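Report on the following structure.
Each reported figure results from applying straightforward, stated rules to the coordinates on display, with no laboratory input. In this text, all values refer to a predicted model and were calculated from it rather than measured experimentally. We place every Cβ from the backbone using ideal geometry, glycine too, and count neighbours over all the protein chains shown.
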Amino acid sequence: MEQGWRHRVGDRVIRQARRQELEPILIEEAEPRRRNRRFESPVILIYGFGSLIAIGTLLLWLPYFNTTGRFTPFLTALFTAISASTVTGLVVVDTATHWSRAGQGVLMILMEVGGLGFMSTATFLLVIITQRVTVANQLIMGEFLGISRRSGLLRLSIQVVSISLFFQLVGFLIFLWRFLPIFEPEEAVWQALFLAVSGFNNAGFNIIPESVSMVLFRNEVWVLGCLTALIIVGGISYSILAELVRFKRFSRFSLDSRMVIVLSLVLWLLGTMVFFVSEFGNEATLKGLPLGSQVIDSVFHSVSGRTAGFTTIDFEQTEQHTNFFFTGLMFIGGASGSTAGGIKVNTMAVILVAVMASIRGRAQVEASGREIPAAQIQRALAIAFLGIGFVFIVAFFLVVTEGFPFDDILFETVSAFGTVGLSSGITADLSVWGKSLLAGTMFVGRLGPLTMALALGETPQRAIYRYSQERVRIG
């Protein structure tokens, strides 16, 4: 008995000694992995878009990609590359006349990659080339596309690209049909392709000659209707499109899809009504047009003004309260996982539901028979608050450095943050500091809400202890 006990104790001591000897080795092997984890984190989005912008800036800087035959000013090339990569549409030079066909091709590629999302494009390429994707990248990709299961993620990434290209092809064919009687065949093909890519990706760029945005096609219902449809499809997110095809009935949709669809419809309706009522008597915008054209213009700007930035009017001549209302629409933006920017409709919907629950005195936040986790409400509030704070800081510095009215500066700042591209006409006249601030705002507006949402979505740390509660006066 005693001898057997000693053997068991001896074996236990030996196992402990072995574990102690192995611990330093395990720590040494784990250190490089911890250092490399930054490439598996949401920061990879910043690396990806930064590389994309750097390549785009270098190409646009070269004389071959513009019509002047000289090097484009570096800040102009950088600003345009950021605007195209973040699918914003703000410009400091005329896209149709300054950039050559090759330069316009660079812009189109930047819009395509930036619109589909760097992670979805990267995942698609990894599927084709290596047939493998790391677990960490799958988690990031799942958050970006709005799905909770990793199974079928690779198949979904292929569907994302395929569906996107399909809708752009349909838009291209419709545009080509309308452009062939107007342009030469080669020019019509190029114009249709560029507009289809820009429209679906909510980019707002156009290369139509002698036309400010879509002014030349103001009375073309087919062109404006197709462009509106592309903007909606590109800004509604791929997961919601999949549910629309799969379930077909609203009652079977997920809570996320229901909230996005309902709030989007409300915002489109409100935007149409506000634009129509505000600009009905404005001779520079709607006054004098047939009633049908006024309604079409109002619907088009309600959809485009929140996410894309295409316009048939000059927002320098719109009423001040119209611009103020559209500032709010641009700040909200489109749906999560879409080509649109802003704090996202999903975020705004969660905040509205939480506010309604607080007004009703309910401890839990509920919608459509489902309870929304408190952690998601905190994330939504954090994203909205940081977005407001960032816009405030940028607008403050622009007021200091620029000599434009505050309402124009705020409009331009929110347009950059929401990656919309509507302009009050001051972008090209900004100083070097102003353009640099606006370029940084576009970058943060495109990646900030998404990167923050992914960072906040990591596993929360459990507190070892908690303090006693004490109430703070509110209101």
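Annotation: Cα Rg of the stretch 225-347 relative to the compact-globule expectation 2.2 N^0.38 Å equals 1.10. Here the stretch 345-391 was treated as a single set of alpha-carbon atoms; its pair distances binned every 10 Å from 0 give 27, 55, 16, 2 percent. Each of Phe172, Phe280, Phe411, Phe200 was scored by other Cβ atoms within 10 Å of its Cβ. Listed from fewest to most, they are Phe280, Phe172, Phe411, Phe200. Stretched out straight at 0.36 nm per residue, the stretch from His321 to Leu381 would grow longer than its current Cα-Cα span by 19.0 nm.
A simple rule links phi to the HN-Hα coupling: the Karplus curve 6.51 cos²θ - 1.76 cosθ + 1.60 with θ = phi - 60°, which for the stretch 190-197 gives 5, 4, 5, 5, 4, 5, 5, 5 Hz, with x for Gly and Pro. With a Förster radius of 35 Å applied to the beta-carbon distance between Phe250 and Ser431, the computed FRET efficiency rounds to 0.10.
For Asn66, the amide hydrogen comes within under 5 Å of the amide hydrogens of Ser100, counting only partners 5 or more places away or on other chains and with H modelled in the peptide plane.
Counted residue by residue at 0.36 nm each, then reduced by the alpha carbon distance between them, the extension gain from Ser211 to Gln364 reaches 49.9 nm.
A cut-off of 5 Å between modelled amide H atoms, ignoring neighbours fewer than 5 places along the same chain, links Ala340 with Ala335. The stretch between Val266 and Leu291 holds 6.8 nm of extra length on full extension. This uses 0.36 nm per residue minus the Cα-Cα distance. Each residue, Phe71 and Phe280, gets one label point 7 Å from its Cα in the Cβ direction; the gap between the two is 5.6 nm. Indicate the gyration tensor shape class of the stretch 41-455 (rounded, prolate or oblate), computed on the Cα atoms with a ≥ b ≥ c the square roots of the eigenvalues: a/c under 1.5 is rounded; otherwise a/b larger than b/c is prolate and the rest oblate. Rounded shape, in that the Cα axes give a/c under 1.5. A crude spin-label estimate for the pair Arg466 and Ala102, with each label 7 Å from Cα along the Cβ direction, gives 6.4 nm.
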